[in-house]
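In what follows, a single structure is set out as structure tokens and then discussed.
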Amino acid sequence: MSIISRSIVVKFWLTMVLIVMIILFFSGLVQTRELKKLYYNQQMEQLIKEGEHISINFAGNRLYPLTGILKTMADMLSANIMIVDSEGYIKECQGMGINMSGGGGERINVAGHHGMPWKEQDLESVKQGRTITYRGPNSFFDKDIISVAVPVYEGQQVTGAVMLSAPLAPIEGRILDLQKITLYTGIAGIILATILSLFFSRTLSRPLLNMNMIARAMAGGDYSRQVEVKSKDEIGILAESLNSLSLRLQDKVAALERLDQTRREFVANVSHELRTPLSIMLGYTEALIDGLAHSDTDRQKYLNNIHEEILRLRRLVTELLDLSRMEAGQVNAEMHETDVAAVAGRVFDKFQAVAAKKGVELRNSLPSVLHPVLANPDRLEQVFINLLDNAIRVTPAGGVVEMTAYELKNELRVSISDEGHGIPPEEQPLVWERFYKVDKSRTRTGEGTGLGLAIVKKIVEAHGGSVEIASMPEKGSTFSFTIPKKL
Ligand SMILES: Nc1ncnc2c1ncn2[C@@H]1O[C@H](COP(=O)(O)OP(=O)(O)OP(=O)(O)O)[C@@H](O)[C@H]1O
Ligand SMILES: [Mg+2]
């Protein structure tokens, strides 16, 4: 186990042990005090009752053999019973190892006697009929005692006192018992705290340790791991946050990697596309400089080739600029209410001649009235041009290229279908990417840059629409796009 779990569990354990000990200490203290009070009061009351009993029944009564009775009673109560006269001189003293009757040889006064708890004023109080009590150490009996002095009456006159003393030992033993129970409870509490801490370490520190491991893995670039979320408490929330953090980081990193990859490919492709026309132009120019063109016709041909490459380069640069402008979100700036049918009609007219020359039949099947859309008409025209250009190029002589459109609830859907060679399903998603060409051999022979469809997709998406391909190899393809209606 690592430091975290150890410290948290140990802290928890120490806290619990401390709480258990504090509670037990104070409850023990209070209990001891209360018990002592209760017990002493009870014992005191008991002694007073016995004292009164002796005082009333025996002390002034000379019918009974007093010494014997006192002896028996002292044994029964495990106490010492003393009878003193009104001056405080001991007449009888029985119990707790003392057997003194009739004053013995010398007269002993309880007040001021070195071992007795009583003083002169105590005797005065008794004489006035009050019962007095004492609790504490006593050197006469050589132990802690509790004592009572009860007046003895003869008529209305106080003629002496009954004094009962009992050792405190029994209650001390009880308290020791209680303290032992408190101690055992404490030990049980500590064991319980330990068990709870172990349980706690499973439910608390284990998920924390797990999260720590996963956070470390994330720091090392591994976002694939997820914490198992079991609880709905603070730890569960933390685990969920960690999981969503890892997912988001994973997405971010993947997106960054994709972007980086695209950029690198893009730069490579652009360089390649720029280099090819440049080397062709270089070749023809050198041939011209070296006088390799022998006739005017040759020279003219070379110059035409160079001119063609320049046009190609200009187109490439224009398209790249268009793409980057669209990526910067500049299309939306010039949007206004546009009639798609009108735009399609203009492009149709432009391509009529090209199609006819190739022997391809071009059909405009758009309805003459369509719900207006919010669009940039020049960009929309570019979409039609790029799609028609592709369609006519791939369709052989005798084939048909058709433009259609229909209205959906919230958008227009425009399709351009051809009778070309089609696109294999696995290539369909790729044709929208910059510089992608299905037929690699056409790279050089045709004039395509592979940017047309990427531009189409960018324009359509900038208008809030989407693009789609349906194609059957050797039968033809249908390129569709949607564009939201103007509200
Ligand atoms: N109607 C179609 N039928 C079959 N394949 C097509 C069709 N339209 C496009 N493609 C394939 O998709 C590739 C990408 O098309 P895109 O229009 O982006 O580039 P291009 O036509 O090669 O060049 P550019 O449009 O920039 O002149 C094409 O090279 C072609 O292989
Ligand atoms: Mg194209």
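The values are calculated or read from the model by the stated rules, or taken from the named source; none is laboratory data. These numbers were taken from a predicted model, which means no experiment stands behind them. Every residue, glycine as well, gets a Cβ built from its backbone with ideal geometry; the counts of neighbours run over all protein chains shown. With ligands, DNA and RNA removed, areas are computed over all heavy atoms of the protein, side chains included. Shrake-Rupley method; radii C 1.70, N 1.55, O 1.52, S 1.80 Å.
Summary of computed values
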item	result
Yes/no for G129 being small (G, A, S), on the phi > 0 side of the Ramachandran plot, part of a loop (DSSP other than H, G, I, E, B) and open to solvent by 40 Å² or more (accessible area, probe 1.4 Å)	no
Pairs where the first residue, in the stretch 19-48, is modelled with pLDDT under 90 and the second is open to solvent by 40 Å² or more (accessible area, probe 1.4 Å) and charged (D, E, K, R), C-beta under 8 Å, 6+ apart	L35/R174; Y39/R174; Y40/R135; M44/R135
Boolean, V150 is modelled with pLDDT of 90 or more and either hydrophobic (A, V, I, L, M, F, W, C) or outside any loop (DSSP other than H, G, I, E, B) (or both)	yes
Qualifying residues in the stretch 303-319 (those that are among the β-branched types (V, I, T) and touching a residue at least 24 places away in the same chain (Cβ under 8 Å)) - the one least open to solvent (accessible area, probe 1.4 Å)	I306
Qualifying residue in the stretch 272-287 (condition: outside the structural domain of A391 (by TED's automatic domain parsing), within 25 Å of K437 (Cα to Cα), surrounded by 11 or more Cβ atoms within 10 Å (Cβ to Cβ) and among the aromatic types (F, W, Y))	no
Any chance D418 is modelled with pLDDT of 95 or more, within 16 Å of ligand 2 (Cβ to nearest atom) and open to solvent by 10 Å² or more (accessible area, probe 1.4 Å)	yes
Residue match in the stretch 163-181 (condition: touching a strand residue (DSSP E or B) at 6+ places or on another chain (Cβ under 9 Å), open to solvent by 50 Å² or more (accessible area, probe 1.4 Å) and assigned to a helix (DSSP H, G or I))	yes
Test: residue in the stretch 390-402 that is over 48 Å from the mean Cα position of the chain (by Cα), away from ligand 2 (no atom under 14 Å from the Cβ) and closer than 18 Å to V343 by Cβ	yes
Residues of the stretch 124-173 satisfying the condition of being in contact (Cβ under 8 Å) with a residue 12 or more places away in the chain and farther than 18 Å from N80 by Cα	V126, K127, Q128, G129, R130, Y153, E154, V158, T159, E172
Enumeration of residues in the stretch 456-469 that are within 11 Å of ligand 1 (Cβ to nearest atom), open to solvent by 40 Å² or more (accessible area, probe 1.4 Å) and in a strand (DSSP E or B)	none
Search result, residues across the stretch 470-480 that are over 9 Å from D418 (Cβ atoms) and open to solvent by less than 20 Å² (accessible area, probe 1.4 Å)	S480
Selection status of V354, closer than 22 Å to V270 by Cα, open to solvent by 30 Å² or more (accessible area, probe 1.4 Å) and either more than 13 Å from ligand 1 (Cβ to nearest atom) or in the same structural domain as K475 (by TED's automatic domain parsing) (or both)	no
Residue among R130, R135, R174, R107 that alone is farther than 28 Å from E34 by Cβ and of a type in the set (D, E, K, R)	R107
Residues (farther than 20 Å from H463 by Cα and more than 16 Å from ligand 1 (Cβ to nearest atom)) located in the stretch 367-396	P367, S368, V369
Top-ranked residue of the stretch 389-418 - restricted to ones that are of a type outside the set (S, T, N, Q) and either outside the structural domain of V456 (by TED's automatic domain parsing) or touching a Pro at 6+ places or on another chain (Cβ under 7 Å) (or both), ranked as nearest to A356 (Cα to Cα)	A405
